[in-house]
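What follows is calculated from the coordinates using simple rules that are stated; it is not laboratory data. The structure presented is a predicted model; accordingly, all values stated were derived computationally and were not measured. For neighbour counting, all protein chains shown are included, and Cβ atoms are generated from backbone atoms with ideal geometry for every residue, glycine included.
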Amino acid sequence: MFSLIPNSDVISVERAIAEFRAGRPALIEQDGDAALAIGVEAFDIDLATNLESFAAGRARLVLPSARLRRLGVERTTPGAIALPAIDLSRIERLSLHIDGRIDAPVACATKLDEAAIELAALSYALPALVVVPLTADSAIDPAIVKVDTVSLFGYRRAKLRDLRIVGRAPVPLEGAPDSEFVVFRGGEGLRDQVAIIIGRPDFNQPVPMRLHSACLTGDLFGSLKCDCGDQLRDTAQGMARDGGGVILYLDQEGRGNGIANKMRAYKLQSQGFDTYDADEVLGFEADQRRFDFAAEMLRQLGVAHVRIMTNNPQKIVALQRAGLDVVSDQRVLGRPTVENVRYLASKRDRAGHIIDFDALAARARPKE
């Protein structure tokens, strides 16, 4: 029979992402077992009351290893905490509170639990979920989206195969008037990605390029908490002066955590946490981003050899692992401010970014 939906596995994941982002549950299945997964962000008193009778004491709170470490349990894998009752205050305390501490044994996460964490990551949701295993007599609303663990864990890889260009046009930029925007659809998480071709680079030669993760606060509003906007504009203008290059503008706000979680992290930073500790409080590791789809974007543009402009060694390694020839790497400096100096120091000291503070200080000094 002819099908208009040839890849049902991918479709089921994308439907589950849409439902999960909307605050609705998803049904995750594996080898005859199944569980209902609901993000803690979705909970209110009505949902808790309705779920209480359905769960019948079987529910568990699934948390990633980063959050468990903040709760005082040294773990490298996700874990599950029994929820005999759907207690909203307890769920919030264990999932979000700064001073939350573990209050019960932590069981090893099942494959269904790990798949639920992956669904939250793909959805840019907080990585904390209530999971309720189903029994033979569980009555499930047929409108609830179903997805299996194999499809969830294979989704990112599968989406690489359908990444495609869906639009392109010249867009003159300040300091780089000869520029073209190329929009790609596909990749992970139902998000479009953009390549900006600056000038007329020779794709038969190593091409200057930058992987730039979207930063709404810095790129658009000029936030003083980071150096992202400076890096983006200076890179584009420098490429325009030097013969051209490619910037991949990737929808990976907040190191892959999403804008809502980035704002949660900013709130924690205002209370004294550094950028990485703030993310760990929320359940995130130091960097959630992946760059394999970025390498595929470059290949579709005809780029095989690059001169990468970055301070982040992980980006260099990611492109090399994806099969690109990284001929050289070059630093990209923003302006230091009173508000971002701790952030820059944390990136250098905790994530290994190559940041020369003497060069930053020279940039900050007024020119004679």
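Per-residue ellipticity at 222 nm computed for the chain from its helices equals -11000 deg cm²/dmol, with DSSP H segments shorter than 4 residues left out and the rest contributing -39,500 (n - 2.57). With r defined as the distance between the Cβ atoms of K111 and R350 and R0 fixed at 41 Å, what FRET efficiency is calculated, to the nearest 0.05? Once rounded, the FRET efficiency stands at 0.85. About its Cα centre, the dipole of the chain is roughly 800 debye, where the only charges are +1 on Lys and Arg Cβ and -1 on Asp and Glu Cβ. Along the range 204-219 the Karplus relation, 6.51 cos²θ - 1.76 cosθ + 1.60 evaluated at θ = phi - 60°, assigns HN-Hα couplings of 7, 10, x, 9, x, 8, 9, 8, 10, 7, 3, 9, 4, 5, x, 5 Hz to successive residues, with x for each Gly and Pro.
Restricting attention to the chain, lysine pairs at least eight places apart or on different chains and with alpha-carbon atoms under 22 angstrom apart total 12. For the chain, with a Gaussian network of springs between Cα atoms less than 10 Å apart, report the residue from E29, E339, E92 with the top mean-square fluctuation. Top of the fluctuation ranking is E339. Compared with the dominant principal axis of the Cα atoms in the chain, helix 149-160 is inclined by about 20°. Here the contact order of the chain, divided by its residue count and restricted to Cα pairs under 8 Å and six or more residues apart, works out to 15 percent.
So, counting K/R as plus one and D/E as minus one, what does the shell of residues with Cβ under 10 Å around D329 add up to? Result for the local shell: +3. Karplus-derived 3J(HN,Hα) values for the range 16-32, using 6.51 cos²θ - 1.76 cosθ + 1.60 with θ = phi - 60°, are 5, 4, 4, 5, 5, 5, 7, x, 9, x, 10, 9, 9, 10, 7, 6, x Hz; glycine and proline are entered as x. Size descriptors for the range 233-368, from the alpha-carbon set: Rg then Dmax equal 16.4, 47 Å. Taking amide H atoms as placed 1.01 Å from N in the peptide plane, the amide H of M209 lies under 5 Å from those of V246, R307, I308, M309, each 5 or more residues away in sequence or on another chain. Per residue, the convex hull spanned by the Cα atoms of the range 8-157 amounts to 109 cubic angstrom. With θ taken as phi - 60° and the Karplus curve 6.51 cos²θ - 1.76 cosθ + 1.60 applied, the whole-hertz 3J(HN,Hα) list for the range 88-103 is 4, 5, 5, 4, 5, 4, 6, 8, 9, 5, 4, 9, x, 10, 4, 10 Hz, x standing for glycine and proline.
The structure-derived value of Cα extents along the principal axes in Å appears in the list (i) 73, 51, 39; (ii) 72, 58, 31; (iii) 65, 44, 38 under the label (ii). Counting Lys and Arg as +1 and Asp and Glu as -1 over every other residue whose Cβ lies under 12 Å from the Cβ of V13, the net charge comes to -1. A crude spin-label estimate for the pair D192 and E52, with each label 7 Å from Cα along the Cβ direction, gives 4.6 nm. Just going by the charge dipole of the chain, with Lys and Arg at +1 and Asp and Glu at -1 on Cβ, which of V145, A121, S270 is farthest out on the positive end? Of the options given, the answer is S270.
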